[in-house]
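Here's the structure we're looking at; comments come further down.
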Amino acid sequence: MKSEPPQFTVATAAREQSVPSRPVRIGSPEAVVRQQGDAWFMQSKEALGAYPQRLTDRLVSGADAHPDRWLVARRGEDGEWLGISYAQMLARARSIGQALLDRKLSAERPVVILSGNDLEHLQVALGAMWAGIPYSPISPAYSLVSSDYGKLRHAIELLRPGLVFATDGDAFAAAIEAAVPSGVEVVTASGSAGRGAARLDDLLSTTPTSVDAAHAAIEPDAIAKFLFTSGSTRLPKAVPTTHRMLCSNQQMLLETFPEFAVEAPVLVDWLPWNHTFGGSHNVGIALYNGGTLYIDDGKPVGRKFDETLRNLREIAPTIYFNVPKGWEELASALETDAQLRDTFFSRVKVYFFAGAGLSQAAWDRLARVTEQYCGERIRIMAGLGMTETSPSCLFTTGPVMQAGYVGLPAPGCEVKLVPVAGKLEARFRGPHVMAGYWRMERSASAGPFDEDGYYCSGDALKFVDPQTPELGLMFDGRIAEDFKLSSGTFVSVGPMRARVISAGAPYVQDVVVTGLNRDDVGVLVFPRLDDCRKLAGLPSTASAGEIVTAPAVRAFFADLLDRLNRESTGGATSIARLRLLDVAPSLDLGEITDKGSINQRAVLTHRAGLVEQMHDARRTDPLVIYAAYLPR
């Protein structure tokens, strides 16, 4: 007899009765689940509807239906918002597309964009797309933060571009000189880029002749852009993202959020366009649904979040996207800023986070501040996606409301769960999934596809309730990150990492778990130095070393170890030692991506000596905090 499904909710039953939910239309969450052998298969009961042949078809329909509505806007130097309407963007895309077509660019000679999110970037991107020429947005950090330009060189060598664009040529001059061959044309909006660069204005002044015919000839499987993966390997891989992938995934999003068809979405967004969340998911939501995207030049890092708050005091989004750190910062600001609350709560209907898991403590705080000052509960949602799936596969459309839940399949996405190393690996198939990495042979033996054509994600999932699989799925870490202790006991890295980050808020930025083939588990902690400095009462000039050795900081982390271990059930879930790191993760070494994700494998590789020292029982490392209590 099947047991009753557990009831999960952020609020108590009494609070749910007393606080109304803000109305929002969410798609059908029902899924078909079946087991075949030791594998599970899931898909939505709702069929995927029709979608356009090309993503740029939505630029045409937008220009016809609402020509004067802004597609994109950004704050100018004078503080005023500067926007480009649908009709203006269509005209500019046609001119730029013709100029690129005249240069005989193609998938073998694509456009590379070095700049971050700006109006010029989107014009060049849509111009390339209109002409049927793939473009590739490269992480600005590869040019502006990296000291060796290794990843930029790799991207340029792999793509072999025919044209490179940078909005500010002078800012990217050193990177262009180091990584872009002399024979490749460079175009800028300003600055010389250290060489004789053409101007974007020249492309915009080109008269369209044959480009509309080229646009009409674009097939659904034509490559729209190349996006680079980040975080799992030393050198990123290029994902050819087709029009079919982008359009089918946007239709999945629309069927998940039919609210987009009721009210055109308004986004205030900083997420980088060289990543699939910002560039495919969010830009696509605005374009596909006739909405407007306000480019946010802030981000949840240090004082840069002040710009985000400035923007949110002026522009009210209908749905708001951010990474967990951004939600934590916003919840804190909403508690004290009345003007921010008045604008932000005026029409937002959904909160959505991705990029990492939102801790339950942060989730509850966000829910509390919303209910207190908004008077309504606003649905907090998430999902699971990746660059290779353009990006969305799962959404939290089911009845579960808690951290770690990733939900149910989007319409059109087929999910396969296969036992691997004691967990269930998530595999995906559908029109939104790539055919293979650029210039890498596709084979079942080498991955990343299995014998049935499912993309093997490396993500582990588990059922919320194995007796009621229709409730959906929880994230269960990365399979490749898990390891065994010398006792043969498996350590599940993902859940342990999430526990430490949640319990250590707000002083923990990220965690790397150690202990492979050792007697016990350790953790390397990248602390949030600003928060730790305030905890210690140190001045803003204090060094990282002074912060991590401050008595108040060490006392907090000693107490954190004790709290975690008293909740543990044995060696696989307890932590014997903790090491605070005073050296930030390195972009050049692949320890961190430009969106802030930690690469566990790279950190363990490049800090192997530190890990060895931490686990050496013969030493007493003054920088290591040892557990005072371990469960037996």
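The values are calculated or read from the model by the stated rules, or taken from the named source; none is laboratory data. Fair warning: this is a prediction, and the values are worked out from it, not measured in the lab. All Cβ positions, glycine included, derive from the backbone under ideal geometry; neighbour counts span all protein chains shown.
Tabulated results
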item: Strands (runs of 3 or more DSSP E) lying entirely in the stretch 13-115 (those with 3 or more residues that are surrounded by fewer than 14 Cβ atoms within 10 Å (Cβ to Cβ)); result: 31-36
item: Tally of residues being surrounded by fewer than 21 Cβ atoms within 10 Å (Cβ to Cβ) and more than 26 Å from residue 258 (Cβ to Cβ) across the stretch 312-327; result: 2
item: Tally of residues being over 20 Å from residue 134 (Cα atoms), of a type in the set (Ser, Thr, Tyr) and touching a helix residue (DSSP H, G or I) at 6+ places or on another chain (Cβ under 8 Å) across the stretch 187-215; result: 3
item: Unique match (being in contact with a helix residue (DSSP H, G or I) (Cβ under 7 Å, 6 or more places away or on another chain) and outside any loop (DSSP other than H, G, I, E, B)) among 459, 476; result: 476
item: Filtered residues of the stretch 190-210 (kept if in contact with a Lys or Arg (Cβ under 7 Å, 6 or more places away or on another chain) and under 21 Å from residue 137 (Cβ atoms)); result: 204
item: Selection from the stretch 565-581 of residues that are buried (at least 21 other Cβ atoms within 10 Å of the Cβ) and either of a type in the set (Ser, Thr, Tyr) or free of Cβ contacts under 8 Å to residues at least 24 places away in the same chain (or both); result: 574
item: Residue in the stretch 560-572 that is over 21 Å from residue 497 (Cβ atoms) and not in a loop (DSSP other than H, G, I, E, B) present; result: no
item: Residue satisfying condition, being surrounded by fewer than 21 Cβ atoms within 10 Å (Cβ to Cβ) and without any contact (Cβ under 8 Å) to a residue 12 or more places away in the chain, within set 470, 481, 441; result: 441
item: Per-region count, the stretch 168-186, residues surrounded by fewer than 23 Cβ atoms within 10 Å (Cβ to Cβ) and part of a strand (DSSP E or B); result: 2
item: Single residue of 541, 549, 489 found to be outside the structural domain of residue 41 (by TED's automatic domain parsing) and free of Cβ contacts under 8 Å to residues at least 12 places away in the same chain; result: 541
item: Extreme residue, farthest from residue 410 (Cα to Cα), among residues of the stretch 3-39 that are at pLDDT 50 or above and small (Gly, Ala, Ser); result: 18
item: Residue, nearest to the chain's Cα centre (by Cα), within the stretch 129-169, restricted to residues that are free of Cβ contacts under 8 Å to residues at least 40 places away in the same chain and farther than 19 Å from residue 192 by Cα; result: 152
item: Residue within the stretch 149-158 that is part of a loop (DSSP other than H, G, I, E, B) and either surrounded by 24 or more Cβ atoms within 10 Å (Cβ to Cβ) or touching a strand residue (DSSP E or B) at 6+ places or on another chain (Cβ under 9 Å) (or both) present; result: no
item: Candidate set from the stretch 116-146 (those that are part of a loop (DSSP other than H, G, I, E, B) and touching an Asp or Glu at 6+ places or on another chain (Cβ under 6 Å)); member that is farthest from residue 243 (Cα to Cα); result: 146
item: Residues satisfying the stated conditions in the stretch 510-540, i.e. at positive phi and either crowded, with 16+ Cβ neighbours inside 10 Å or at pLDDT below 95 (or both); result: 515, 517
item: Pairs where the first residue, in the stretch 35-58, is not assigned by TED's automatic domain parsing to the domain that holds residue 88 and the second is surrounded by 13 or more Cβ atoms within 10 Å (Cβ to Cβ) and of a type in the set (Phe, Trp, Tyr), C-beta under 8 Å, 6+ apart; result: 35/41; 55/288; 56/130; 58/288
item: Listing of helices (runs of 4 or more DSSP H) fully contained in the stretch 310-413 that carry 1 or more residues being in contact (Cβ under 8 Å) with a residue 40 or more places away in the chain and aromatic (Phe, Trp, Tyr); result: 360-374
item: The stretch 229-255: number of residues that are touching a Ser or Thr at 6+ places or on another chain (Cβ under 6 Å) and not aliphatic (A, V, I, L, M); result: 7
item: Residue pairs meeting the criteria (Cβ under 9 Å; at least 6 apart or on separate chains; first without any contact (Cβ under 8 Å) to a residue 60 or more places away in the chain, in the stretch 203-219; second loosely packed, with under 11 Cβ neighbours inside 10 Å); result: none
item: Options 625, 575: the member that is in a loop (DSSP other than H, G, I, E, B), within 30 Å of residue 489 (Cβ to Cβ) and in contact with a strand residue (DSSP E or B) (Cβ under 6 Å, 6 or more places away or on another chain); result: 575
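Per-residue answers, yes or no, for (1) closer than 28 Å to residue 598 by Cβ; (2) β-branched (Val, Ile, Thr):
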{"site": "168", "(1), (2)": "no, no"}
{"site": "188", "(1), (2)": "no, yes"}
{"site": "197", "(1), (2)": "no, no"}
{"site": "203", "(1), (2)": "no, no"}
{"site": "226", "(1), (2)": "yes, no"}
{"site": "244", "(1), (2)": "no, no"}
{"site": "249", "(1), (2)": "yes, no"}
